[in-house]
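Worksheet: the structure to be examined is printed underneath.
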Amino acid sequence: MQGLFSFAQGSRKITLPRVRLALTPTPLEPLETTSDRLGFFLSAKRDDLTGLALGGNKIRQLEYYFGAAREQGATTMLVTGAIQSNYTRAVAAACARLGMRCHVQLENRVPGMSSDAYRDSGNVLLTRLYGAEVTYFAGADDEVAADKAIHAVANRLRNAGEVPYHISLKADSAPLGSVGYLHAAQELLEQQPDTTHVVLASGSGQTQAGLLTGLRMLGSGARVFGVSVRRAPGAQRARVLSYCHTLSAMLGVEPVVQESDVQVFEGNLNTGYGLPEDGLMDFLLGAMRREGLLLDPVYTGKAFAAIPRLKEQGYFSPQARVVFLHTGGLPALFAYGPEFLSRLNRIDA
Ligand SMILES: Cc1ncc(COP(=O)(O)O)c(C=O)c1O
């Protein structure tokens, strides 16, 4: 084991097993052009630079899943994700690094995305290059049925003498990934103690829950705005709150996050998870060309696009010090190559 997260509360000391995977602290980078355009100070916390397998937020999250898995003597990690899941790529990479086997179950969550690039490039290519065994789940976006299918795989592996560890992202699962974001909260406050807001993409909700809990535990009142990329804001809010409560219980502390403190905004731009909508693609091209930032159309692009909208709605004053948490996801850009190219061809025509 390469490290433990310890948290002392009164006489209780909680320790959670951790395997170090992420290169941290990640930089906090001012985004000067966008700050000038928007009229408040905006910077990017570059969690796209966490190192392993082209980085991203999943690398921090996996430190505690792999810690738990190794403590249980696991030999094979199992995880379900969308075809272009960043999670499965990160799990496959960590398994390769740690000498473990990896089984990935992919599901097609994005109807209409059927190009060769989407099916075979980007994250799915990297997942396979890292040596993961890949199976396809026929249902789409059904956590319960997908879990059932992967449990069948786990049983098969168990019968073959393996020790499987399933990373479950169901709302009632223990949010070990959130623990990784307690560290990110601490880093951020060391880098910019007067941060007023953080804007991030919210999918499973574990990043948002961990960062928010960490900030509150450290006495910061910075608001954390989750931009929901997969669910209606109400459902996502309930999910994040439930993770916050479970996380506090895991750490042995009183709940530090109140319901009103969980803020989630619509990030789907009226399309759906992973669907490249024209307005979003244009926005991404503009942001990339202004700041040299790479953003993806599934997560970070939607979160970044929410910042000017939230400003218009009056959420950020000129004194605000806003942080965009760049959670990575860049391999997916290649999966959306055909959609970007047709956009570019129309612009250039
Ligand atoms: C690039 C990227 N950003 C953000 C998220 C959302 O993180 P979370 O699932 O912790 O809400 C994901 C999740 O898959 C992701 O891949």
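The values are calculated or read from the model by the stated rules, or taken from the named source; none is laboratory data. These figures come from a predicted structure and were not determined experimentally. Methodologically, a virtual Cβ is constructed for each residue, glycine included, from the backbone with ideal geometry; neighbour enumeration extends over all protein chains shown. To get the accessible areas, we keep the full protein, side chains included, count just its heavy atoms, and leave off ligands, DNA and RNA. Shrake-Rupley method; radii C 1.70, N 1.55, O 1.52, S 1.80 Å.
Observations
- Of all lysines in the structure, the ones whose alpha carbon falls short of 17 Å from that of LYS311, not counting any fewer than 8 places away in one chain, are LYS302.
- The label point for ILE14 and the one for SER317, both projected 7 Å from the Cα toward the Cβ, are 3.4 nm apart.
- Residues whose placed amide H lies under 5 Å from that of VAL198, excluding near-sequence neighbours: ARG223, VAL224, PHE225, VAL323
- Free-standing Cys residues across the chain, given no other cysteine C-beta under 4.7 angstrom: CYS244
- Amide hydrogen neighbours beyond the local backbone of GLY51, cut-off 5 Å, H modeled: LEU23, GLY56
- Cross-link pairs exceeding 19 Å between alpha carbons, from the set LYS58/LYS148; LYS148/LYS170; LYS58/LYS170: LYS58/LYS148.
- With contributions of -39500 (n - 2.57) from each DSSP H run of at least four residues, the per-residue ellipticity at 222 nm computed over the chain stands at -14000 deg cm²/dmol.
- Residues in the chain average 40 Å² of solvent-accessible surface per residue, probe 1.4 Å, ligands and nucleic acids excluded.
- Using the Cβ-Cβ distance between VAL163 and LEU341 with R0 = 56 Å, the FRET efficiency computed as 1/(1 + (r/R0)^6) comes to roughly 0.80.
- Two tests apply to each whole DSSP H helix in the chain, Cα reach of 15 Å or more along its axis and mean Kyte-Doolittle hydropathy of at least 0.0, and the ones passing both are 86-98, 176-191, 206-217, 233-251.
- Carbon-plus-sulfur accessible fraction, region 160-262 (probe radius 1.4 Å, protein heavy atoms only): 52%.
- Reachable aspartates and glutamates, given that their alpha-carbon falls under 16 Å from the alpha-carbon of LYS13 and they are not under 8 places away in the same chain: GLU254
- When +1 charges are put on Lys and Arg Cβ atoms and -1 charges on Asp and Glu Cβ atoms, the dipole computed for region 136-233 relative to its Cα centre reaches about 200 debye.
- Most simply put, the chain has about 25% antiparallel DSSP beta bridges, counting only bridges with both residues inside it.
- Reciprocal mean inverse distance between Cα atoms of the chain - Kirkwood radius, Å: 20.4 Å
- Ranked packing of 281-293, 223-235, most packed first, by mean Cβ within 10 Å: 223-235, 281-293
- Label-point separation, ASP282 to GLU259 (7 Å along Cα→Cβ), nm: 4.0 nm
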